[in-house]
Structure formats: C-alpha cells, structure tokens
Amino acid sequence: MKRIFLHPLPIRIWHWINAASFLVLIVTGLQIRYREFLGLMKFKTAVDIHNMFGFILIFNFFIWLAYYILSGKIKIYIPPLNIKKFITGCVKQARYYGYGLFMGEENPHHSTADNKFNPMQQMAYLSIMLLLIPLQLVTGLLLWDVKAFARYIDIFGGIKIVDTIHVFLFLFFTSFLFVHIYLATLGHTVLAHIKAMFTGYEEIEEHVH
C-alpha cells in the first residue's frame, strides 16, 4: 500500500462546502415544496435558508471553476479524444462496477494527481459541473426574484418551465448524492476515499507489472 497526494486543500474545502450546501438545499427545498407534509420549519425560514445556501453554492462553483481553469487541472475532467479508447475505458469500468468489484477483481483505473477520474467519472462529472450545476444555479437564481428576472424567465419558456427544470435537477442531484456516497465507499476500506477528502492522501495498492 502506498500513499499519493490526490486532493489539494482548496479542492477539499470546496468539496465539503459543496456537500454541506447540497444537503441544506435538499432539506429546505423539500420543506418549501412539501411544507404541509414535513413541517420542519416555517415557510419563510426555509426560503431564506435555501436562498442563502443557494448563493453560497454559486460562489463556491465559481471558486471551483477559477481554480481548475487557472491551475490547468480542468483537463482531468476531459475524456480522451480517442473515441475508441474512451468507449473501451467506459466498458471496462462499467464491467468492474457491475461484476468485477463483487468478484474481487482489480479496478481497471488507477488514480493519480493528473488522472483522477476513470472515463465514466469524466463523462459524468463534466456533464454535471459544466452543464447541470450551472443550469440548476441559473434556474434557482431566476426563481429567487421572479419579477426582476421576468425577461429571462420568458426566454426559458415561462415560470412553469423554469420551476420544472429546477425540480427535475433537484431530483437528479438528490439521487446522484446517494450514488456518489456509495461509490465513495468502494476503496480498499469503506472509509478510505472519504478519509482522503479530509487528509488529501489516497492509499492505493501497489501494482506489479
């Protein structure tokens, strides 16, 4: 077993702020949508907390974007341009998640500081970070002040369309959170990947070739 430095401090801070914000937004979002059912807090309180953490998430997103672009590390999110290599990598990784993992096989992807994500993760995280999260933040911002952003809401097709997009993305991110937590437990120990997001160091098995 060897230790490699995989998660710089700015990324670890960003990750946990993001995680906390998502949890608060999910709970307050459910409270806003189903206030008669949940009854966790007053409607206005839920809205105020939701808005506050929404802006924290917006700020945090731009911190992430600036860090990855300025450091040049954004490339770790970009899948290989070789389509055959990318598809082959996805197939191997999917087979590992669906079969090899349960048979004790070795993970086909070995993370390094410059190659953190396997092809499936690259495809998923690139879509999430550069498309879905920005769309969620934009729709949330439009819903924050419907009157001020009426012109832009009309561009989206009206308030119902904006709200529907926001809710469907909320359902997606809530589901993805469970998948993300599950995948985080697939290290050499259940807590290995989670521990790495605190220390920055990932413990990996040494491979003899």
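Descriptive notes on the structure:
- Exposure proxy shown here: for HIS15, HIS110, the number of other Cβ atoms within 10 Å sets the order, fewest to most, as HIS110, HIS15.
- Whole-percent P(r), the chain, all Cα pairs, 5 Å bins from 0: 1, 6, 11, 16, 18, 15, 12, 9, 7, 3, 1, 0, 0.
- Using 0.36 nm per residue and subtracting the Cα-Cα separation, the extra length available between TYR201 and TYR67 on full extension is 46.3 nm.
- As a length-normalised measure over Cα pairs under 8 Å and 6 or more apart, the relative contact order of region 2-204 settles at 29 percent.
- Extension gain, PHE5-ALA184: 0.36 nm per intervening residue step, less the Cα-Cα distance, totals 62.7 nm.
- Helix 83-98 axis versus longest C-alpha principal axis of the chain: approximately 90°, rounded to the nearest ten.
- Distance between region 1-20 and region 34-105 - C-alpha centres, whole angstrom: 14 Å
- 26 Å Cα cut-off, lysine pairs counted over the chain (separation 8 or more, or different chains): 25
- Simple spin-label estimate for ILE32 and SER175 gives 2.1 nm between the two label positions (7 Å along the Cα-to-Cβ direction from each Cα).
Read-outs: derived from the displayed coordinates by stated rules, not from any lab. What you are looking at is a predicted structure, and each value in this text was computed from that prediction instead of being measured. Note that each Cβ is placed from the backbone with ideal geometry, even for glycine, and that neighbours are counted across all protein chains shown.
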